[in-house]
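First comes the structure, then the notes that go with it.
The values are calculated or read from the model by the stated rules, or taken from the named source; none is laboratory data. Treat the numbers as computed from the prediction; the structure is a model and nothing was measured. We place every Cβ from the backbone using ideal geometry, glycine too, and count neighbours over all the protein chains shown. For the accessible areas, the whole protein counts, side chains as well, though only heavy atoms, and no ligand, DNA or RNA atoms are used. Shrake-Rupley method; radii C 1.70, N 1.55, O 1.52, S 1.80 Å.
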Amino acid sequence: LAVGISFTAKSQVGFDHLDINNVKARINADGLLFPNPSTWAQGESEVPKGSGRSTLYAGNLWIGGIDVGGQLKLGAQTYGTTGQDFYFGPMPNQALGQWNRVWKINKSTVDSFRLGLTTPIPQIILDWPGNGNTAIGQAQNLAPYVDVNSDNIYDPTAGDYPCIRGDQTLYFIFN
């Protein structure tokens, strides 16, 4: 699952927008795509951006399967009607607030950092959640990054940087 703008970084608590190439789409930290869960009015997915036309209402990952007893099990977003199956953050998550976030970064920000054109290091690169807290059982690697010195520790002061695809990436972790 897996974005600042130019030389600046922006990260909103709980959600952000993919807003490049004439698209605007809201992404929520718990995996809910497009709607604003506080209003549930109209999805925030515009193509073309700024047109006011909402092209999609909502989306999310649904995971299902049959357990050993033959019972169907399903984890799915039901758009606020009957509870919640997905939560923001990695497992285990002992500090929920810090994970209610979407990291947004542009390729131009990463490229400028790699070329040494930004001083100080952009905040979004410093904040990238490259490594988890293994002392509480989180995975060693959470968000993809280029490990310049191959020490398996995300450290932008040593030249490490987020590994992203496309012109803009939004990254969030949910379970």
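General remarks:
- Only one of the numbered conditions (1) at pLDDT 85 or above; (2) touching a strand residue (DSSP E or B) at 6+ places or on another chain (Cβ under 6 Å); (3) closer than 24 Å to ASN106 by Cβ is violated by ASP67, and that is (3).
- Options SER108, SER54; residue that is modelled with pLDDT of 90 or more, of a type in the set (Ser, Thr, Tyr) and surrounded by 14 or more Cβ atoms within 10 Å (Cβ to Cβ): SER108
- GLY166 vs. criteria over 13 Å from the mean Cα position of the chain (by Cα), under 30 Å from TRP62 (Cβ atoms) and surrounded by fewer than 19 Cβ atoms within 10 Å (Cβ to Cβ): yes
- Answer residue from segment 113-136, given it is more than 21 Å from the chain's Cα centre (by Cα) and assigned to a helix (DSSP H, G or I) and is farthest from VAL148 (Cα to Cα) among those: ILE136
- Filtered residues of segment 33-47 (kept if modelled with pLDDT of 85 or more and part of a loop (DSSP other than H, G, I, E, B)): PHE34, VAL47
- Single condition TRP99 does not satisfy, out of (1) under 21 Å from ILE153 (Cβ atoms); (2) open to solvent by less than 50 Å² (accessible area, probe 1.4 Å); (3) modelled with pLDDT of 90 or more: (3)
- Cross-chain or 6+ apart pairs with Cβ under 9 Å, segment 53-76 first and in a strand (DSSP E or B), then of a type in the set (Lys, Arg): ILE63/LYS73; GLY64/LYS73; GLY65/LYS73; ILE66/LYS73
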